[in-house]
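Notes to accompany the following structure.
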């Protein structure tokens with residue numbers, strides 16, 4: 001290797017040649033550090049980009065799941081339409097699996113049309129101990145009645161005022177409102193929400209597509225009633241489920257569509273939409289609410 005030279009043409013001393021070598025090594029080290037830093041900063045960006053791409057695909061698939069459900073609920077010919085009995089339909093969109101469930105709102109417990117006795121049957125059916133059944137029953141009755149005198153195990157406005165609100169003194173306006181009533185924990189409200197709704201258009205309870213637990217509550221809490229047993233057999237495939245054959249019966253029916261798109265790693269996107277089926281070709285459905 002040629003020895004380094006000074007500007008005047010003379011060979012550089014060994015000491016200076018050593019300094020030059022150190023500078024080269026240091027420069028290589030700095031370049032390596034910069035490269036490593038760039039690589040380490042790029043990796044999180046790639047992970048973030050991958051996560052954003054996955055989320056976008058999941059959201060698109062969940063949205064598509066709702067559209068798929070609406071299309072199958074409103075297609076010509078009642079026999080070709082999807083059922084509203086809560087069964088799960090497995091579909092896919094863009095390679096992403098989507099689980100779709102359709103629930104008949106008329107087959108749910110309408111909490112704005114029941115009293116504490118029904119709530120007591122519901123809480124008991126969910127397996128809570130008797131002392132909680134009594135407390136939740138009385139608290140619900142105190143929430144909906146017109147007076148401010150608490151029942152033995154209930155709670156009235158005086159209990160809620162420190163929390164910034166008062167008892168409604170009327171029926172709940174949403175299932176989520178149950179969470180404002182003493183004793184109704186978020187977990188309990190979530191369990192109730194699966195089979196409960198708020199009636200808004202005068203629809204009567206319809207047992208044909210109801211969850212057996214909802215039928216039990218609406219049948220005075222009797223788990224052994226024929227209606228409960230027959231519906232359970234339908235859901236277990238032991239008896240043919242009732243199907244809607246009258247177009248007039250379809251008109252005005254309100255359903256909840258739940259679409260869940262899942263990625264292999266466990267990430268998911270969920271959509272919940274409430275729609276009214278009109279039975280009209282021009283506008284077959286009206287979206288009431290969605291999230």
Report whether or not residue 9 is outside any helix (DSSP H, G or I), surrounded by fewer than 10 Cβ atoms within 10 Å (Cβ to Cβ) and either on the phi > 0 side of the Ramachandran plot or at pLDDT 90 or above (or both). yes
Residue within the stretch 74-83 that is in contact (Cβ under 8 Å) with a residue 40 or more places away in the chain, part of a strand (DSSP E or B), buried (at least 16 other Cβ atoms within 10 Å of the Cβ) and in contact with a helix residue (DSSP H, G or I) (Cβ under 9 Å, 6 or more places away or on another chain) present: no
Using beta carbons and a limit of 9 Å, which pairs, at least six apart or on different chains, have the first residue in the stretch 270-282 and at negative phi and free of Cβ contacts under 8 Å to residues at least 24 places away in the same chain and the second one in a strand (DSSP E or B) and surrounded by fewer than 18 Cβ atoms within 10 Å (Cβ to Cβ)? 272/289; 272/290
Matching residues in the stretch 183-192 (crowded, with 17+ Cβ neighbours inside 10 Å and either without any contact (Cβ under 8 Å) to a residue 40 or more places away in the chain or in contact with a strand residue (DSSP E or B) (Cβ under 7 Å, 6 or more places away or on another chain) (or both)) number 1
Is it the case that the stretch 174-182 has a residue that's under 18 Å from residue 118 (Cβ atoms), surrounded by fewer than 18 Cβ atoms within 10 Å (Cβ to Cβ) and at pLDDT below 95? yes
Failed condition for residue 220, given (1) in a loop (DSSP other than H, G, I, E, B); (2) surrounded by fewer than 16 Cβ atoms within 10 Å (Cβ to Cβ); (3) free of Cβ contacts under 8 Å to residues at least 60 places away in the same chain, with all others met? (3)
Between 41, 92, which is out of contact with any helix residue (DSSP H, G or I) (no Cβ under 9 Å at 6 or more places or on another chain) and either modelled with pLDDT under 85 or part of a strand (DSSP E or B) (or both)? 41
Which of the numbered conditions does residue 266 fail, given that it passes all the others? Conditions: (1) assigned to a loop (DSSP other than H, G, I, E, B); (2) modelled with pLDDT under 90; (3) more than 24 Å from the chain's Cα centre (by Cα). (3)
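So that you can scan it fast, the table gives a plain yes or no per residue for (1) within 15 Å of residue 256 (Cα to Cα); (2) touching a helix residue (DSSP H, G or I) at 6+ places or on another chain (Cβ under 6 Å):
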residue	(1), (2)
171	no, yes
177	no, no
184	no, yes
189	no, yes
194	yes, no
202	no, no
210	yes, yes
213	no, yes
217	no, yes
Quick one: residue 165 ticks every box in (1) more than 21 Å from residue 190 (Cα to Cα); (2) assigned to a helix (DSSP H, G or I) bar one, so which box is it? (2)
Taking the stretch 136-167 as the region of interest, how many residues are over 15 Å from residue 178 (Cβ atoms) and buried (at least 18 other Cβ atoms within 10 Å of the Cβ)? 4
Quick check on the stretch 198-213. Is at least one of its residues touching a strand residue (DSSP E or B) at 6+ places or on another chain (Cβ under 6 Å) and at pLDDT 90 or above? no
Looking at the stretch 54-72, is at least one residue modelled with pLDDT under 75 and either out of contact with any helix residue (DSSP H, G or I) (no Cβ under 6 Å at 6 or more places or on another chain) or surrounded by 16 or more Cβ atoms within 10 Å (Cβ to Cβ) (or both)? no
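Just a yes or no: is a residue in the stretch 230-246 within 30 Å of residue 60 (Cβ to Cβ) and at pLDDT below 90?
Here is the first cut: in the stretch 230-246, the residues within 30 Å of residue 60 (Cβ to Cβ) are none.
No, the conditions are met nowhere in the stretch 230-246.
The values are calculated or read from the model by the stated rules, or taken from the named source; none is laboratory data. Small disclaimer: the values here were computed from a predicted structure and weren't measured. Don't worry about glycine lacking a Cβ; one is built from the backbone with ideal geometry, like all the others, and counts go over all protein chains shown.
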